[in-house]
Every structure is written in structure tokens, then in C-alpha cells.
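Participant: This is the structure, below, for whatever I ask next.
Derivation of every value follows stated rules applied to the coordinates shown; laboratory data play no part. Just so it is clear, the model here is predicted, and its values are computed rather than measured. Virtual Cβ from ideal backbone geometry, glycine too; neighbours counted across all protein chains shown.
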């Protein structure tokens, strides 16, 4: 991801905060930064993304990159600042979260602990997933290979998704199969 301006970076950070607390209050955002490690990680990741492309801010980028590495070890979250992630990114619980640096994730996406969004290095599915908007990814889910996850999707706990998922579907199982078309209503709240 690449931000055109500092105001765009702040806009994404505020949208992420809104997903957690449902307000744009400065005091609430400060409390959120102090208490919720998932939001702290996302905030530092977005700042690294902004600073990365500005060579004149290299010393500040290196400081924030060290912060990101520290948070990664502390929380078990491995999401690179180069991963394309839309507004309103929500990490429900931290721990063992691995996302490929080439994955594309849309807006208003919820991820849970123990998930993997990874690449396949061989075969016809070689590549990384593209995830649409308003997607809930349950605990332990694995999304692997060059697949497209549509909009308004629920991926159940421990599901292994290796094929495309159409809009408004709920998938579960190993391998993941469509179990309904109820979408992510009730799982993805406070949309931006």
C-alpha cells in the first residue's frame, strides 16, 4: 500500500479506530491505542507504509519499523506495511496472524487469531489471495493461493479456503464449502 499524503494515512487510521470503538473521539482513540494491541499494530503498520516511500523521512521510518518488529514479536501478528489493506481493518484478537505481503485486502475486514492468508508457490493456484470488502475471517482460518474472496463473506472457524468464494456466501469446513448465503451481517459492524 502507498499513501499519497499524511492526511490520507490519518484517514485510514481513524477509520480503523472507528471499527473498534464506534466514535471518532480523540480521547477514545488514545485509550484504544493504549489498550488494544491489534489497533496499535495496525496504526504503526499504516505509519510505516506512509514513511516508507519518503526517503527524506528514512530515520523516522527506521524507528517505526523497529516499533513494528517489536509489536510483531509481542503480539504474534505478521502483516507487512506493503500489504494492501483498505479502510476499517479490524483485528479481533491477536496471536499467530500471518498475512502475505502481496495479499490484497478490501475495506471493513475483520480477522481473528490463528489465521493465515498465504501464497502458493506452484501449480495453477500459484499466487496470493484477493479479499473483498466486508469480510469476516474466523479464528484459525487459512486462505491460500491465487483466489478471489468476494464481498460480504463469512469464513468460518478453521476453514481452509483454496477456491474462489462468490459474494454474500458463508463458507466452512476443510476444504471450505458454501453453507449459506447469509453474508457477513452481524459479524462486520461499524462499517466505514
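Participant: Relative to the longest principal axis of the chain, what angle (0 to 90°, nearest 10) does the C-alpha long axis of helix 26-35 take?
Facilitator: Once rounded, one gets 70 degrees.
Participant: Assuming R0 = 22 Å, what is the FRET efficiency of residue 120 and residue 178, from their Cβ-Cβ distance, to the nearest 0.05?
Facilitator: The calculated FRET efficiency here is 0.55.
Participant: Divide the volume of the convex hull of the Cα atoms of the chain by its number of residues and quote the answer in cubic angstrom per residue.
Facilitator: Measuring per residue, one finds 112 Å³ for the Cα hull of the chain.
Participant: Need one number: the % of Cα-Cα pairs in segment 1-68 sitting beyond the 14 Å mark.
Facilitator: The share of Cα pairs beyond 14 Å in segment 1-68 comes to 58 percent.
Participant: Can you order the peptides 87-98, 17-28 by their average number of other Cβ atoms within 10 Å per residue, highest first?
Facilitator: Highest mean packing first, the order is 87-98, 17-28.
Participant: Sorted by mean Cβ packing within 10 Å, highest first, what order do the peptides 143-149, 41-47 take?
Facilitator: 41-47, 143-149
Participant: Calculate how many DSSP beta bridges within the chain are antiparallel, expressed in % of all such bridges and rounded to the nearest 5.
Facilitator: 15
Participant: To continue, here is another question. If you find the alpha carbon centre of segment 1-48 and of segment 115-191, how far apart are they in angstrom?
Facilitator: Taking the Cα centre of each part, segment 1-48 and segment 115-191 sit 25 Å apart.
Participant: Further question on the same structure: Just how many % of Cα pairs in segment 96-185 lie over 16 Å apart, if you round to the nearest whole percent?
Facilitator: 45
Participant: Continuing with this model, one more query. Starting from the exponent 0.38 and prefactor 2.2 Å, build the expected Rg for segment 37-107 from its residue count and divide its actual Cα Rg by it.
Facilitator: 1.05
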